[in-house]
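K.L.:
Here's a structure for you.
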Amino acid sequence: MAKASDVKNGNILRLNGELVTVEEFIHRTPGKGGAFYVGKLRNIKTGKIVEARMNTDEQVEICRVETNDYQYLYEDGDYLVVMDNVTYEQINVEKALFGPAIRFLKEGMSVIVSVESEEPIMAQLPNFTELEVTYSEPAVKADTATNAQKSATLENGVEIKVPMFVNVGDKLKIDTRTGEYVERVK
């Protein structure tokens, strides 16, 4: 257990049985009364932001979280099986932890997983991935002068909007956070 004065931005705390990450933690000293801390805390499971007020000597539990690179192996029901690149240990990670970016996941991809007490609590894909176009409509000659876009289907079945000059067989760099086309890869 640690005191509230030991908490820093980015720490992960166990508060009322829930894991929260500290977004902002500010020390307040009003003119009247004792000093205290005000914090914005994001619940890891739900994503909701909660505001909390703590006295300077209040006890809090700062959790020890390990974040490592893992390699995605395969899907197993509601879980994804990933392997530690150093120890070759395999763990199951809930699909929900990856959020909407999971649609850009492909076999063998490197992912980042945070583990607390041998339980995965956060997971994310790299910010960018490279995928090949398997289908797109041919561009109409007059449409290429403007910023017109067309639909393209990627190797994992995801459909995104791309510029008119993109053709079948092109490798594209995709932002996994937004799902948008970034550039063509040579």
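Rule-based calculations on the coordinates, nothing more; no lab input. Just so we're clear, the structure is a prediction, and the values are computed from it rather than from any experiment. Don't worry about glycine lacking a Cβ; one is built from the backbone with ideal geometry, like all the others, and counts go over all protein chains shown.
K.L.:
Hey, got a sec? Which trypsin sites (Lys or Arg not before Pro) in region 39-136 land in a DSSP loop and have at most 11 other Cβ atoms within 10 Å? Mind dumping the intermediate values first?
P.N.:
Details: sites: Lys40, Arg42, Lys45, Lys48, Arg53, Arg64, Lys95, Arg103, Lys106; in loops: Lys45, Lys48, Arg64, Lys106.
Answer in residue order: Lys48, Arg64.
K.L.:
Dividing the convex hull volume of the Cα atoms of the chain by its residue count, what figure in Å³ per residue is obtained?
P.N.:
Each residue corresponds to 162 Å³ of Cα convex hull volume.
K.L.:
Students often forget the sequence filter, so: which aspartates and glutamates lie under 13 Å Cα-Cα from Lys186 once same-chain residues fewer than 8 apart are removed?
P.N.:
Glu130, Glu132, Asp170
K.L.:
Suppose R0 equals 45 Å. What FRET efficiency, 1/(1 + (r/R0)^6) with r the Cβ-Cβ distance, do Lys8 and Glu107 give to the nearest 0.05?
P.N.:
Working: r = 38 Å, r/R0 = 0.84.
Efficiency at R0 = 45 Å is approximately 0.75.
K.L.:
Among the lysines, which fall within straight-line cross-link reach of Lys150, defined as a Cα-Cα distance under 18 Å, with same-chain neighbours fewer than 8 residues apart omitted?
P.N.:
Within reach: Lys141, Lys161, Lys171, Lys173.
K.L.:
Sorted from fewest to most neighbouring beta carbons within 10 Å, what does the list Val86, Val7 look like? Before the final figure, lay out the partial values.
P.N.:
Numbers: Val86 9, Val7 19.
Ordered by Cβ neighbours within 10 Å, fewest first: Val86, Val7.
K.L.:
Out of region 95-144, which GluC sites (Glu not before Pro) are coil in DSSP terms and have no more than 11 other C-beta atoms within 10 Å? Please list the in-between numbers first.
P.N.:
Values: sites: Glu107, Glu116, Glu118, Glu130, Glu132; in loops: Glu107, Glu118.
Passing sites in region 95-144 are Glu107, Glu118.
K.L.:
Lysines near Lys40 by alpha-carbon distance under 29 Å, same-chain residues fewer than 8 away left out - which ones?
P.N.:
Lys3, Lys8, Lys32, Lys48, Lys95
K.L.:
In the chain, once you exclude exposed chymotrypsin sites (Phe, Trp or Tyr not before Pro) (DSSP loop, at most 11 other Cβ within 10 angstrom), what's the longest stretch remaining?
P.N.:
On the way: sites that count: Tyr88, Phe165.
Looking at the chain, 1-87 is the longest stretch - no exposed chymotrypsin sites (Phe, Trp or Tyr not before Pro) with at most 11 other Cβ atoms within 10 Å.
K.L.:
What is the calculated FRET efficiency for Glu58 to Lys173, with r their C-beta to C-beta distance and R₀ = 45 Å, to the nearest 0.05? Before the final figure, lay out the partial values.
P.N.:
Working: r = 47 Å, r/R0 = 1.04.
Once the sixth-power term is evaluated, E becomes 0.45.
K.L.:
To the nearest 20 debye, what charge dipole does the chain have about its Cα centre, counting +1 at the Cβ of each Lys and Arg and -1 at the Cβ of each Asp and Glu? List each step's numbers first, then the result.
P.N.:
Working: 22 positive and 30 negative charges, 187 e Å.
Computed about the Cα centre, the dipole is about 900 debye.
K.L.:
Compute the relative contact order of the chain as a whole-number percentage, counting only Cα pairs closer than 8 Å that sit 6 or more residues apart in sequence.
P.N.:
Numbers: 384 pairs, mean separation 25.5, N = 186.
It rounds to 14 percent for the chain.
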